[in-house]
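So the structure is just underneath, and the comments pick up after that.
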Protein chains: 2
Amino acid sequence: MKMRNSYTCPLELTHDIIRGKWKPIILWQLGKGAASPSALQNDIVGIGQKMLLQQLGELQNFGMVQKEQYEGYPLKVKYSLTEKGERMLNIIAAMQEIGIELMKEDGREEFLKNKGLI
Amino acid sequence: MKMRNSYTCPLELTHDIIRGKWKPIILWQLGKGAASPSALQNDIVGIGQKMLLQQLGELQNFGMVQKEQYEGYPLKVKYSLTEKGERMLNIIAAMQEIGIELMKEDGREEFLKNKGLI
DNA sequence: CAGCATCCGATCTGATACTG
DNA sequence: CAGTATCAGATCGGATGCTG
């Protein structure tokens, strides 16, 4: 993910962190608790291994996510939110809330009901 | 801006709306009040006319921004936030806040002071 | 199972030139 | 001043195959 070389405004930093098609949803999933890559890939519809690991790596670089590795076979790895990540999750949660409202106003209650969101 | 064809989660809708390098900063600027394209271009460092108008158009399609036109020459146009846009601005403001905190923790107080943010 | 490298098409962005 | 068209380069995203 290409980042700005310099920032005009702190807003842009936050935007860089959650930019990328999958970052918000990854954070959202991790908000439910630590998870392995394969578990995440199961939970996030449509994501491939490459994008998942790539974006997890970027979130790690931003200090939003941390990785734990365990010895032995089969390999076991666990990703989880850092404290910064938890704070960023507040933004994600707010985005979810607005998304729900916008969908309601747009007559998409059906979708929301199917997801158990209303 | 390419949008998802279908959504798994309301979060993704919100993400689509603020995706794009300039959308958050445009909303932020409009949060200060209605503005003409040329005024916005002055206030947003580095943006070109094409990107500005393109992203304003997309924000309009999402119902976040509205446009007012006046008759006569020189042409005069004013963009402003809609009610939905105002609500989205809450997200943007939260992004700004987190961005400020992250920069502080990252030792970039200098930058923030120069901007008058702390 | 976790992770990396590579290739390729789809998108995004920006510069420039042009219209009303 | 506002807005559109076009073109080229940079970036992104996804599929596939390979390694430990």
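The values are calculated or read from the model by the stated rules, or taken from the named source; none is laboratory data. Computed from a predicted structure; not experimentally measured. Note that each Cβ is placed from the backbone with ideal geometry, even for glycine, and that neighbours are counted across all protein chains shown. For accessibility, only protein heavy atoms count, side chains too; no ligands or nucleic acids. Shrake-Rupley method; radii C 1.70, N 1.55, O 1.52, S 1.80 Å.
For the residues A:Gly99, A:Gly33, A:Gly57, the requirement of being within 16 Å of DNA strand C (Cβ to nearest atom), in a helix (DSSP H, G or I) and over 26 Å from B:Phe111 (Cα atoms) singles out A:Gly57.
More than 13 Å from chain A (Cβ to nearest Cβ) and among the acidic types (Asp, Glu) - does that describe any residue in the stretch B:61-72? Scanning the stretch B:61-72, I find at least one residue that is more than 13 Å from chain A (Cβ to nearest Cβ) and among the acidic types (Asp, Glu), so the answer is yes. The set of residues in the stretch A:1-40 being within 7 Å of chain B (Cβ to nearest Cβ) and of a type in the set (Val, Ile, Thr) consists of A:Thr8, A:Thr14, A:Ile25. Here B:Leu40 meets the list (1) exposed (fewer than 14 other Cβ atoms within 10 Å of the Cβ); (2) farther than 22 Å from A:Ile92 by Cα almost entirely, failing just condition (1). When B:Lys104, B:Lys50 are checked against the criterion of being part of a helix (DSSP H, G or I), open to solvent by 70 Å² or more (accessible area, probe 1.4 Å) and in contact (Cβ under 8 Å) with a residue 12 or more places away in the chain, a single residue qualifies: B:Lys104. Within the stretch B:71-88, no residue that is open to solvent by less than 20 Å² (accessible area, probe 1.4 Å) sits with its Cβ atom under 6 Å from a residue that is among the aromatic types (Phe, Trp, Tyr) at 6+ positions apart or across chains. In the set (1) part of a loop (DSSP other than H, G, I, E, B); (2) touching a Ser or Thr at 6+ places or on another chain (Cβ under 7 Å); (3) open to solvent by less than 40 Å² (accessible area, probe 1.4 Å), the condition left unmet by A:Gly20 is number (2).
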